[in-house]
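Below: the structure, in structure tokens.
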Amino acid sequence: DGRLTFFPGNQTVDLPSINFMKRYGTVFLNAYTNAPICCPSRAAMWSGLFTHLTESWNNFKGLDPDYITWMDLMEKHGYHTQKFGKLDYTSGHHSVSNRVEAWTRDVHFLLRQEGRPMVNLTGDRKRVRVMEADWRNTDKAVNWIKEEAVNLTQPFVLYLGLNLPHPYPSPYSGENFGSSTFLTSPYWLEKVNFEAIKIPTWSSLSEMHPVDYYSSYTKNCTGEFTKEEVRNIRAFYYAMCAETDAMLGEIISALDDTGLLRKTVVMFTADHGELAMEHRQFYKMSMYEGSSHVPLLVMGPGVKEQQEIPNVVSLVDIYPTMLDIARIPVPQNLSGYSLLPLLCEKTESEVSSRGPRPSWVLSEFHGCNVNSSVYMLRTGKWKYIAYSDGFSVLPQLFDLTADPDELTNVAIKFPIIVNSLDKILRSVVNYPKVSSSVREYNKRQFISWKQSLGQNYSSVIANLRWHQDWLKEQKKYENAIDRWL
């Protein structure tokens, strides 16, 4: 959650490496994902293109494996490149549940698709390495810096992808396991300031926006939760962020130990945030701040120190920024704009021939846990969220200055603002047309998947993540799918 990198969010947990980057670099106060879920978000970041252009509609559908990323271009221009850890931007990954739930989101049924969010404390005060796979990748990156990077005669670019602070799989929730367990050790939990944890205000279920209700239900969050449960989920999430911060610290230390820190640009960001029980949801797949607002910090030669940038930016900006840093010509067809003018206080014309950066950012979502395509435009104090064809589901408008917790939809109150933001949105993406393409894609994919299973269809679909609800009335849900088809 990007809000943890600046005041007041950073009061809840100790993040020394983030603070180090703020002291010696720049923090973006309004950085957003272009799609609040793993694979589509990463597809946008690696391609520099909006989701409706990559057509990365869900966690199963990303870029082609041979897609030319910014890292490929840097390699072509003489950079030594190295990747460790989670990449997840190409098609074909994630569970069967993940794709089938996305394809069937237009079917008229409500089924829980996740385990109920819960916490799990492991080990004792000495247990530092909880997410062992991430630590192994961090160690690989550290060793690579100390043994390889330090001896290179050419410039290098190193990418390290971590899984934390993503919740852990919950085996009790069935096939393909939802990831609804917030897991940490006492060592990290002690870094969290429990007094500073805000318990989010919830609307009643009957007052929720219909898409929010669907999300809350499928994420298994419509039951009763005590204040203590909510506070614990949030605390454990913050503790997981503290462990992530320590991995960032290892990379910074390795660069420092080898004398590379002064001549290396370091960038820290995320594919999406975590709602951690805000708006009666956990996980992502939402345009609310907890899910769509990501961290973005940059430090290195030429980057202004102790700078806070209020401009709205998004992950598609990373592609042109990386090329700009490396002085490689930036392709003209990108959705993003270089961040270098903001980082180094240069004028746009010195860096880019594309003209000034727009005053808005776009995020969109077409995957599971949400029963409509969603489009978010953020500009100034406004966040405008449009759904589907723009008519069948009512839009939302939030004034983030007056209402940072996004509790009051003021769309009806400000029709002129809605109209002008909708116009901007339609000039960027023909969203009714995109929504319609996604609906056709979902149906097409589902039919071919169903046909590929033949006789096994009923038993396979019954045992996906929604099995606890599905098996109570299996025929009813199969009939609902038949009606949809």
Checklist entry - Quick one: is residue 185 within 30 Å of residue 214 (Cα to Cα), of a type in the set (Gly, Ala, Ser) and either touching a strand residue (DSSP E or B) at 6+ places or on another chain (Cβ under 9 Å) or open to solvent by 20 Å² or more (accessible area, probe 1.4 Å) (or both)? => result no
Checklist outcome for this item: Only one of 73, 63 is at pLDDT 95 or above, more than 15 Å from the chain's Cα centre (by Cα), under 29 Å from residue 367 (Cβ atoms) and not basic (Lys, Arg), namely 73
Next on the checklist: Looking at the structure I just gave you, is residue 35 of a type in the set (Gly, Ala, Ser), touching a strand residue (DSSP E or B) at 6+ places or on another chain (Cβ under 9 Å) and outside any helix (DSSP H, G or I)?
Outcome noted: yes
Next on the checklist: Here is a list: 105, 129, 125. Which entry is among the basic types (Lys, Arg), under 30 Å from residue 479 (Cβ atoms) and at pLDDT 95 or above?
Outcome noted: 105
Item to check | Boolean, residue 88 is open to solvent by 20 Å² or more (accessible area, probe 1.4 Å) and on the phi > 0 side of the Ramachandran plot | outcome: yes
Item to check | Failed item, numbered, when residue 65 is tested on (1) in contact with a strand residue (DSSP E or B) (Cβ under 8 Å, 6 or more places away or on another chain); (2) open to solvent by less than 50 Å² (accessible area, probe 1.4 Å) | outcome: (2)
Checklist entry - What number goes with the only condition from (1) in a helix (DSSP H, G or I); (2) touching a residue at least 24 places away in the same chain (Cβ under 8 Å); (3) open to solvent by less than 20 Å² (accessible area, probe 1.4 Å) that residue 341 does not pass? => result (2)
Checklist entry - Failed condition for residue 57, given (1) crowded, with 23+ Cβ neighbours inside 10 Å; (2) modelled with pLDDT of 95 or more, with all others met? => result (2)
Next on the checklist: Where the second residue is of a type in the set (Lys, Arg) and modelled with pLDDT of 95 or more and the first is within 11 Å of residue 149 (Cβ to Cβ) and lies in the stretch 247-259, which pairs have Cβ atoms under 9 Å and are six or more apart or on separate chains?
Outcome noted: 254/146; 255/262; 258/146
Item to check | Output for the stretch 28-54, where each listed residue is without any contact (Cβ under 8 Å) to a residue 60 or more places away in the chain, touching a helix residue (DSSP H, G or I) at 6+ places or on another chain (Cβ under 6 Å) and open to solvent by less than 10 Å² (accessible area, probe 1.4 Å) | outcome: 43
Checklist outcome for this item: Counting only helices (runs of 4 or more DSSP H) wholly inside the stretch 91-190, the ones holding at least 3 residues that are touching a helix residue (DSSP H, G or I) at 6+ places or on another chain (Cβ under 7 Å), in contact (Cβ under 8 Å) with a residue 60 or more places away in the chain and within 27 Å of residue 260 (Cα to Cα) are 132-147
Item to check | Those residues of the stretch 265-299 which are over 29 Å from residue 231 (Cβ atoms) and open to solvent by 20 Å² or more (accessible area, probe 1.4 Å), in sequence order | outcome: 265, 267
Checklist outcome for this item: Selection from the stretch 230-276 of residues assigned to a helix (DSSP H, G or I), in contact with a strand residue (DSSP E or B) (Cβ under 8 Å, 6 or more places away or on another chain) and of a type in the set (S, T, N, Q) yields 232
Checklist entry - Does at least one position in the stretch 116-137 carry a residue that is surrounded by 15 or more Cβ atoms within 10 Å (Cβ to Cβ), within 26 Å of residue 101 (Cα to Cα) and not aliphatic (A, V, I, L, M)? => result yes
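The values are calculated or read from the model by the stated rules, or taken from the named source; none is laboratory data. Computed from a prediction, not measured in an experiment: that's the story for all the values here. As a convention, Cβ positions derive from the backbone with ideal geometry for all residues, glycine included, and neighbour counts pool all protein chains shown. Ligands, DNA and RNA are excluded from the accessible area calculation, which covers all protein heavy atoms including side chains. Shrake-Rupley method; radii C 1.70, N 1.55, O 1.52, S 1.80 Å.
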